[in-house]
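Below is one structure; the comments refer to it alone.
Every number in this text was worked out from the coordinates using simple rules, so none of it is lab data. No experiment lies behind these values; they were computed from the predicted model shown. When we count neighbours, we look across all protein chains shown, and the Cβ atoms used for this are built from the backbone with ideal geometry, even at glycine.
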Amino acid sequence: MRIAMVNVPLRLPADESKWITVPPQGYGGIQWVVAHLVSGLLELGHEVFLLGAPGSPDGHPGLTVVPAAEPADMRSWLRTARVDIVHDHSDGKVGPVAGAGFVSTHHLTTRPVHRTGCVYLSQAHRAHCGAGGQAPVIPIPVDLARYRTEVPKEDFLLFLGRISPHKGALEAAAFAQAAGARLLLAGPSWEPDYLARIMADHGDAVELVGEVGGAERSRLLAAARALLVLSQPTAGPWGGIWSEPGATVVSEAAASGTPVVATANGCLPEIAPPVGALVGYGTGFDPRKAKACLEGLPSPARVRAEAGARWDHVRIAERYVRIYREVLAGASWA
Ligand code: UDP
């Protein structure tokens, strides 16, 4: 099949003349989902045209990185491209195109712009966005070959994400302090007051790393004793109370042989227990229980095996290909 994959087009904050690529230079969950899915589709022998991410690496003969990212440019390319399927990750920056099937993956917590043909990242995500039970749920794919596990584990816990209240960075710091552990806090920080509060309340337990990408990101994911994903039911970035849609970091940590400690926010109770443990909301952690939680986590080999069994990028790509074929055969849901 000829598949047009529409990434969410975002300019690189550090240099607005460039775009965030697939995979991303730093922070970027949607771009990692697109990267792993594209790899899976290429491994299955499909031809992929990537839009919305000019400058992305294009080292595979089946992959074309189209130099279009503004919505009008992407639409105009699609009008003449003769693809079988348009697969949109941008929540409607491009719409359905005459002559091709249209499928989207929703990544936000809002109602999607195009509900017809929309795939959700978890059961909780589908319910949160008000979609019916017939809408497909496909979890986030991960290509295990991109994640290393051979790094010896080090004595630190990792937070990897946007340092924002809904992502539970403060709660992660409180958990680490209660467990008597060191927390490496990696990610972009756009709320200086929030970061200042974390450092004031739990600075003894926290080491601020900043945004990471490339080899440093992989090394931290592999070397951490556990990843903390303590997302909280507080105001989210797109309005409403935050409900974790798919949590890219969970499958990345598991692929790196790193277990996850998570709250029960959004998709996390669906995906975290096989690769880690759940804890409560807020900052009130009992030191004995926090230590016991860390000691009871599954082994690196077990969590990597679970990641492969649940989220392998080729198997997830196969599930999308089935959906592409159903849409081309006339299937429709909203
Ligand atoms: N990330 C990164 N560097 C950072 C912080 C985060 O590469 O400094 C990546 C992380 O590995 C993940 C993504 O950004 O792939 C965040 O996606 P996630 O779904 O976990 O969070 P959200 O998109 O909801 O912020």
In segment 104-122, residue nearest to D88 (Cα to Cα) [restricted to those that are among the aliphatic types (A, V, I, L, M) and touching a residue at least 40 places away in the same chain (Cβ under 8 Å)]: V119
Go through (1) surrounded by 15 or more Cβ atoms within 10 Å (Cβ to Cβ); (2) of a type in the set (A, V, I, L, M, F, W, C); (3) over 30 Å from E216 (Cα atoms) for V66 and report which single condition fails. (3)
Subset of segment 201-246 [more than 10 Å from the ligand (Cβ to nearest atom), surrounded by 15 or more Cβ atoms within 10 Å (Cβ to Cβ), of a type outside the set (D, E) and farther than 30 Å from P112 by Cα]: H202, A205, V206, L208, R219, A222, A223, A224, R225, A226
Output the residues belonging to segment 28-47 that are touching a Gly at 6+ places or on another chain (Cβ under 6 Å) and crowded, with 21+ Cβ neighbours inside 10 Å. none
Checking T263 against (1) of a type in the set (V, I, T); (2) closer than 28 Å to R115 by Cβ; (3) within 17 Å of the chain's Cα centre (by Cα): exactly one of these is not met. Which one? (2)
If you take the residues of segment 184-200 that are surrounded by 17 or more Cβ atoms within 10 Å (Cβ to Cβ) and over 21 Å from the mean Cα position of the chain (by Cα), which of them is farthest from G210 (Cα to Cα)? I198
Just one of the numbered conditions (1) within 29 Å of R315 (Cβ to Cβ); (2) part of a helix (DSSP H, G or I) is not true of E171; which one? (1)
With the condition kept exactly as written, say whether any residue in segment 23-41 is part of a loop (DSSP other than H, G, I, E, B), touching a residue at least 24 places away in the same chain (Cβ under 8 Å), more than 13 Å from the ligand (Cβ to nearest atom) and among the hydrophobic types (A, V, I, L, M, F, W, C). no
